[in-house]
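Trainee: The structure under discussion is supplied below as structure tokens; questions concerning it will follow.
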């Protein structure tokens with residue numbers, strides 16, 4: 001039995017932390033762009049279908065799996081999954097993905113998160129005033145190539161230190177407190193910006209169109225897109241990004257839930273809070289403001305390169321059109337909410353790593369947190385120094401996309417078919433504060449695995465193409481680092497298992 005006695009201080013703190021884990025930069029930067037590219041208002045149909053048939057079931061599976069493992073004193077996925085099928089060694093190494101993915105994603109995510117801190121500082125000191133649209137865009141390009149007196153490195157290190165310090169304070173004293181501060185501020189900032197975006201009037205502060213024009217454009221449905229399989233793959237992919245399923249962080253958080261505490265309603269609460277942030281707030285800020293100033297055609301062209309360009313190169317300039325004071329307030333709110341969305345997610349990435357070190361090797365909270373920070377520093381350095389060479393994107397593809405789908409597919413097969421739906425359904429419903437529709441038993445066992453299999457098979461041609469085209473030597477080096485990370489964690493799991501056997 002592990003001596004790791006961490007616990008959540010309150011149910012509200014748990015829900016906010018789980019919602020913070022899910023709510024990330026993609027809610028505000030990725031979702032509205034995905035909607036525009038995949039049928040506008042029609043995109044919400046496959047999106048909600050995937051949420052109900054894949055997202056919600058996976059949330060229940062991961063919460064139930066985590067709590068079940070926590071009852072046995074396990075708080076990280078290798079041995080949480082092992083508890084579901086103790087006779088087979090395979091599942092421990094499938095569970096390695098639940099540590100690998102968190103480290104690898106944190107390695108580049110913390111760098112992206114640090115951009116938001118820098119931009120908050122720029123707005124506070126009026127750094128974008130009078131810069132012009134080209135100037136703001138050039139600032140971003142210079143920043144990521146570190147032509148700003150290494151400012152990017154300083155903010156990256158600050159972000160790593162902040163994450164590590166909060167993690168070192170523990171679950172209730174660090175992560176939960178951060179969620180209780182960060183999530184309400186995120187919602188407050190988001191509501192303010194959504195109001196400003198929707199009520200933007202043509203002719204005010206140089207705007208060409210009302211904010212409602214952008215909102216109407218975003219949600220005008222193109223129903224022809226519903227029959228396109230790529231749209232369904234995009235919707236399923238967005239559910240992965242937005243709910244943080246298939247990572248191992250949910251299982252870790254749930255492992256600290258008391259043995260008979262509700263998970264059914266908690267999972268639904270965290271999931272629907274994330275959906276509100278994404279669908280309501282995420283669609284009411286970036287696109288309405290951008291279209292209000294730039295028009296539909298230019299924004300559609302800009303969305304082809306994703307949401308980062310709009311969020312970091314375009315929106316800061318548009319905020320300056322509102323005057324020095326209001327522009328500074330809006331810019332601080334925008335990048336402040338992105339920062340809180342980012343840090344509540346990256347804190348969730350550190351928790352499974354710490355849990356593994358504490359459970360299996362008896363490390364204290366502080367050393368395990370600082371070890372995680374050091375690993376992320378070393379692994380993340382190539383994403384900082386070789387960002388333009390494709391290392392950042394390579395990490396994101398393998399750790400932030402492929403690993404999520406593969407791990408989710410394998411864990412739902414384990415839960416529904418190996419552990420068994422009789423025991424699985426009982427675990428989900430134990431202590432439940434809501435009546436779960438019985439149809440979800442069928443969905444978890446049959447529908448969710450089939451959707452995940454379809455997503456994986458749909459991604460397979462791209463995966464094969466990536467393998468056949470290794471890219472430049474920076475990209476090749478990134479792949480070697482990721483393989484070495486997985487192998488290193490797998491070896492640590494093997495050592496931990498041997499240690500367990502000697503203690504029996």
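Read the figures in this text as sums done on the coordinates, not as results from a lab. These numbers come from a predicted model, not from an experiment. All Cβ positions, even for glycine, are placed from backbone atoms using ideal geometry, and neighbour counts span all protein chains on display.
Trainee: Determine the gain in length on full extension of the stretch residue 88-residue 158; use 0.36 nm per residue of separation and subtract their C-alpha separation, reporting nm with one decimal.
Mentor: Once the chain is fully extended between residue 88 and residue 158, it gains 20.9 nm.
Trainee: Distance in nm between label sites at residue 363 and residue 426, each 7 Å beyond Cα in the beta-carbon direction?
Mentor: Modelled inter-label distance: 3.6 nm.
Trainee: Hey, another quick one. What is the packing order of peptides 278-289, 193-204, taking the mean over residues of other C-beta atoms within 10 Å and listing the highest first?
Mentor: Top to bottom by mean Cβ count within 10 Å: 278-289, 193-204.
Trainee: Which value in nm describes the separation of the simple spin-label points at residue 396 and residue 484, placed 7 Å from the Cα toward the beta carbon?
Mentor: Label at residue 396, label at residue 484, 2.4 nm between them.
Trainee: Length gain on complete extension for the stretch residue 388 to residue 142, per 0.36 nm per residue less the alpha carbon to alpha carbon distance?
Mentor: In short, 87.4 nm is gained.
Trainee: Then there is this: Can you tell me how much longer the chain between residue 491 and residue 223 gets when fully stretched, taken as 0.36 nm per residue apart minus their C-alpha distance, in nm with one decimal?
Mentor: The residue 491-residue 223 span can extend by a further 91.5 nm.
Trainee: Could you calculate the FRET efficiency of residue 305 with residue 502 from 1/(1 + (r/R0)^6), where r is the beta carbon distance between them and R0 is 41 Å, rounded to 0.05?
Mentor: Values: r = 54 Å, r/R0 = 1.32.
Efficiency at R0 = 41 Å is approximately 0.15.
Trainee: For residue 11 and residue 450, what does the FRET efficiency come to when R0 = 30 Å and r is the distance between their Cβ atoms, rounded to the nearest 0.05?
Mentor: Efficiency computed from Cβ-Cβ geometry: 0.35.
Trainee: Per DSSP H run of at least 4 residues, take -39500 (n - 2.57); add these up for the chain, divide by its residues and hand me the 222 nm value, nearest 500 deg cm²/dmol.
Mentor: -22000 deg cm²/dmol
Trainee: With each pseudo-label sitting 7 Å past Cα toward Cβ, what's the residue 169-residue 188 distance in nm, one decimal?
Mentor: 1.7 nm
Trainee: Taking the Cα atoms of segment 236-342 alone, what are Rg (to one decimal) and Dmax (as a whole number) in Å?
Mentor: Over segment 236-342's Cα set, Rg and Dmax evaluate to 17.8, 54 Å.
Trainee: Compute the Cα gyration tensor for segment 103-245, then decide on rounded, prolate or oblate, letting a ≥ b ≥ c be the square roots of its eigenvalues: rounded whenever a/c is under 1.5, prolate when a/b is larger than b/c in the other cases, and oblate in all that remain.
Mentor: Because a/c hits 1.5 or more and a/b fails to exceed b/c, segment 103-245 counts as oblate.
Trainee: Place a point 7 Å from Cα of residue 48 in the direction of its Cβ. Which residues in segment 212-251 have their backbone N less than 16 Å from it?
Mentor: 219-223, 226, 235-236, 239
Trainee: Further, regarding this structure: What's the ranking of 74-82, 223-231, 210-218 by average number of surrounding C-beta atoms within 10 Å, highest first?
Mentor: Most protected by this proxy first, the peptides run 74-82, 210-218, 223-231.
Trainee: Taking square-rooted eigenvalues a ≥ b ≥ c of the alpha carbon gyration tensor, is segment 391-464 rounded, prolate or oblate, where a/c under 1.5 means rounded and, failing that, a/b exceeding b/c means prolate?
Mentor: Cα axes put segment 391-464 in the prolate bin.
Trainee: Take each of the peptides 347-357, 258-268, average the number of other beta-carbon atoms within 10 Å over its residues, and list them starting from the highest.
Mentor: Working: 347-357: 28.1, 258-268: 18.5.
Peptide ranking by packing, descending: 347-357, 258-268.
Trainee: Tell me, how many Å apart are the Cα centres for segment 1-50 and for segment 368-387?
Mentor: Distance between centres, Cα-based: 24 Å.
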